[in-house]
Amino acid sequence: MATYRPNVAAILRKPKSGKILVAERLQHKGSWQFPQGGVDKGEDLITALYREVEEEIGVSQDKYDLIACRTDYRYKFPGGRLKKGQYCGQVQTYFLCDYHGKKNGIRLDAHVREFSDYKWIYPEEFDLNGVPKFKRPVFKRVFRDFFGVKLKTGRPLASVAAK
């Protein structure tokens, strides 16, 4: 029986400006998301979060504080596709984290590179055009729940690292 794969995502925020980090997928130009990934067997959600953030953007857990957490964001993979032969989609837990690392502290090549670029934006600047259609309802809920922002499609984000 197909199930949902547990997944964690980190919304890193600069506390002074309120800007958040989004990163462009290496293999999918124009596709922007938060650092995120699956929860490994035997991991709790916070351990998975710390591991994923370190692996994807090279930021250790001492460089950010957990501020808020919300869960049960679900999406199914399109076309009835199964991931790893058993997962019909993902159930995500999002963590809002205040980043207090250095300006140049994001390292996309710290491990296996998954992102080509990143930028800091205000939540209301995020554009759904940079998200696959099957994930858009989750992003709409996340931005509404964490920031009170109603996302819409519009002008895609430029791939310029405005840090």
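The values are calculated or read from the model by the stated rules, or taken from the named source; none is laboratory data. None of these values were measured; they are calculated from a predicted model. Note: ideal-geometry Cβ built from the backbone for every residue, glycine included; neighbour counts use all protein chains shown.
Here are the numbers for this structure:
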item: Residues within region 42-78 that are free of Cβ contacts under 8 Å to residues at least 40 places away in the same chain and either touching a His at 6+ places or on another chain (Cβ under 7 Å) or loosely packed, with under 14 Cβ neighbours inside 10 Å (or both), tallied; result: 7
item: Residue in region 4-12 that is within 23 Å of Arg144 (Cβ to Cβ) and among the small types (Gly, Ala, Ser) present; result: yes
item: Selected residue (criterion: surrounded by the fewest Cβ atoms within 10 Å (Cβ to Cβ)) from residues of region 79-99 that are more than 14 Å from Thr3 (Cα to Cα) and not aliphatic (A, V, I, L, M); result: Gly79
item: Subset tally (residues that are among the basic types (Lys, Arg), in a helix (DSSP H, G or I) and either within 14 Å of the chain's Cα centre (by Cα) or over 21 Å from Val112 (Cα atoms) (or both)) for region 26-84; result: 1
item: Test result for Tyr118, out of contact with any helix residue (DSSP H, G or I) (no Cβ under 6 Å at 6 or more places or on another chain), surrounded by 15 or more Cβ atoms within 10 Å (Cβ to Cβ), among the aromatic types (Phe, Trp, Tyr) and modelled with pLDDT under 95; result: no
